[in-house]
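Below you'll find the structure, written out as C-alpha cells, and then a few comments.
Any read-out appearing in this document is the output of simple, stated calculations on the displayed coordinates, not a laboratory observation. Remember, it's a predicted structure, so these values are computed and weren't measured experimentally. Cβ placement follows ideal geometry from the backbone for every residue including glycine, while neighbour counts extend to all protein chains displayed.
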C-alpha cells in the first residue's frame, strides 16, 4: 500500500514515515503544500491514503483537500493537525477529509485509523484465503493449515497484495509501486528475491508453487496449491 504524507515538520514526518515503513507501507513525503498537491494530483491512482497536515507553507491542508476531492471522491484523506477545536474538526471533515487526528497522537491510533479507512475503501473483509493459506490483515497473521507462518513486514505486504488480487496477474511494475517505495523502480529484481522467500515458507515440498510466475509480466496466485 502506498501513502502520501504532506507534513512540513521534519521530525513528525520522519516519525510517521519510519513507523509506517516498519508496518510495510510505501511512503512518499512532501514538505510543503504546493508539492503535496502536485504529487497527489499526479499520482491519485497510486495512493491508497493521503495524510495531510493543515498548516503548511505554500497551500494549506484545506485547499489541498478540496482540490483532491475535485479529482477523486474515493481516496481516503486524514488530517493530522494541532488545530484541536470541534469547529476545526467539523471544518476539516466538511472540506472532504475522511478522518481527523489531533496532534500529538499515538502512532498506534494513526495505524488503526488507516487500516479502518482501507477496509472501507476496498469494501472487503480483512481475511484472505487461498487453499490452506490464510492471511488476516487485522491481526497481521498468516497461517498454513492452521499453523502460524512467520513473515517479515515486506513479505507480509507482498503476500497481502497478491492475495487481494487473487486470480489476476499482478504486474511487476504494479507490485513495485504498491509494495515498495518508488526508489526501487530502477531494479525490480528485489521482487524475485521476496517471491522466493514466500515460496520457501508457504509451498509444499515437491508441489507446484501457489505463486505462479507469468514470464515477462509478473505473478499470479493459484487457487489450487
**Q.** the range 2-122: C-alpha gyration tensor shape, a/c 1.5 cut-off, then a/b vs b/c
**A.** rounded
Q) If you take the beta carbon distance between residue 18 and residue 93 as r and set R0 to 30 Å, what does 1/(1 + (r/R0)^6) give as a FRET efficiency, to the nearest 0.05? A) 0.60
Q) What is the packing order of peptides 86-95, 3-12, taking the mean over residues of other C-beta atoms within 10 Å and listing the highest first? A) 3-12, 86-95
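Using R₀ = 35 Å, calculate the FRET efficiency as 1/(1 + (r/R₀)^6) where r is the Cβ-Cβ separation of residue 60 and residue 171; round to 0.05. Write out the running numbers ahead of the final one.
Details: r = 37 Å, r/R0 = 1.06.
Once rounded, the FRET efficiency stands at 0.40.
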Q) Between residue 153 and residue 119, how many nm apart are label points set 7 Å from Cα along the C-beta direction? A) 2.2 nm
(Q) Just want to confirm a number: the relative contact order over the chain, from Cα pairs under 8 angstrom separated by 6+ residues, in percent. (A) 16 percent
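Expressed in nm to one decimal, what extension gain is obtained for the pair residue 215 and residue 71 from 0.36 nm per residue of sequence separation less their Cα-Cα distance?
Values: separation 144, 0.36 × 144 = 51.84 nm, distance 3.55 nm.
The span from residue 215 to residue 71 would gain 48.3 nm if fully extended.
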Q. Taking every DSSP beta bridge that has both residues in the chain, what percent is antiparallel when rounded to the nearest 5?
A. 50 percent
Q: Please build a GNM for the chain, connecting alpha carbons under 10 Å apart, and tell me which residue among 152, 85, 143 fluctuates the most.
A: 85
